[in-house]
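Read the structure below first, then the notes.
The values are calculated or read from the model by the stated rules, or taken from the named source; none is laboratory data. Just so it is clear, the model here is predicted, and its values are computed rather than measured. A quick note on method: Cβ atoms are made from the backbone with ideal geometry, for glycine too, and the neighbour counts reach across all protein chains shown.
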């Protein structure tokens, strides 16, 4: 499963991923102001219910739009971080968010964070929602990457939203684990389309494919959540 962590410059994206995975990769460079900025991406792994969730962090500098566009491709969900302590970053945040929405479409779930709640004067999550015109039903957590407040909870919530998106398909998959031909007939897909579907689901770690036996298994963690 691929989750993208995005937001404006120095809102806490790398810290978010690092808190969840101490061994996370970060491609950064030192700027003239002696600060380090992500110029490539972050990559961390969180293990939930026995399988891996991959966290991809995007650069926050606006000029790295191409890199963000590449990273966002094929994601299952997005954690979008607002800097609750620095409202002047909201303009850049909305530029990034609106571009991101055009790429992922309306069906990919987004969970929002109002980060840096450990800083005095940080805006409440509902204030961040109002000032950035987020929908009333948008899910937004008050978080701190220093204290860990609501970081794990936000990921678990997003993962459950992603499960909901895939639940109907996963229920069908579970019924045809030893009958790929029957699954193809059920889904009305030709052999090439079935190959691509199974490859995609395997890459996302939703299933394990046995190509010799022409069978697959839905990952046990997913079965438990259905």
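A compact table of results
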item	result
Count of residues meeting criterion [buried (at least 17 other Cβ atoms within 10 Å of the Cβ) and modelled with pLDDT under 90] in region 36-54	2
Condition broken by residue 214, with the remaining ones in (1) surrounded by 12 or more Cβ atoms within 10 Å (Cβ to Cβ); (2) touching a helix residue (DSSP H, G or I) at 6+ places or on another chain (Cβ under 7 Å); (3) not assigned by TED's automatic domain parsing to the domain that holds residue 17 satisfied	(1)
Positions within region 87-107 being more than 17 Å from residue 58 (Cα to Cα) and touching a residue at least 40 places away in the same chain (Cβ under 8 Å), in sequence order	87, 107
Counted residues, region 174-207 - those being within 20 Å of residue 53 (Cα to Cα) and touching a helix residue (DSSP H, G or I) at 6+ places or on another chain (Cβ under 7 Å)	2
Among (1) assigned by TED's automatic domain parsing to the domain that holds residue 12; (2) touching a residue at least 40 places away in the same chain (Cβ under 8 Å); (3) at negative phi, the one test that residue 148 misses	(3)
Residues of region 153-193 classified as out of contact with any strand residue (DSSP E or B) (no Cβ under 8 Å at 6 or more places or on another chain) and not in a loop (DSSP other than H, G, I, E, B), total	21
Members of region 143-186 that are under 22 Å from residue 119 (Cα atoms) and loosely packed, with under 15 Cβ neighbours inside 10 Å	146, 147, 148, 152, 153
Test: residue in region 117-128 that is touching a helix residue (DSSP H, G or I) at 6+ places or on another chain (Cβ under 6 Å) and either in contact (Cβ under 8 Å) with a residue 24 or more places away in the chain or outside any helix (DSSP H, G or I) (or both)	no
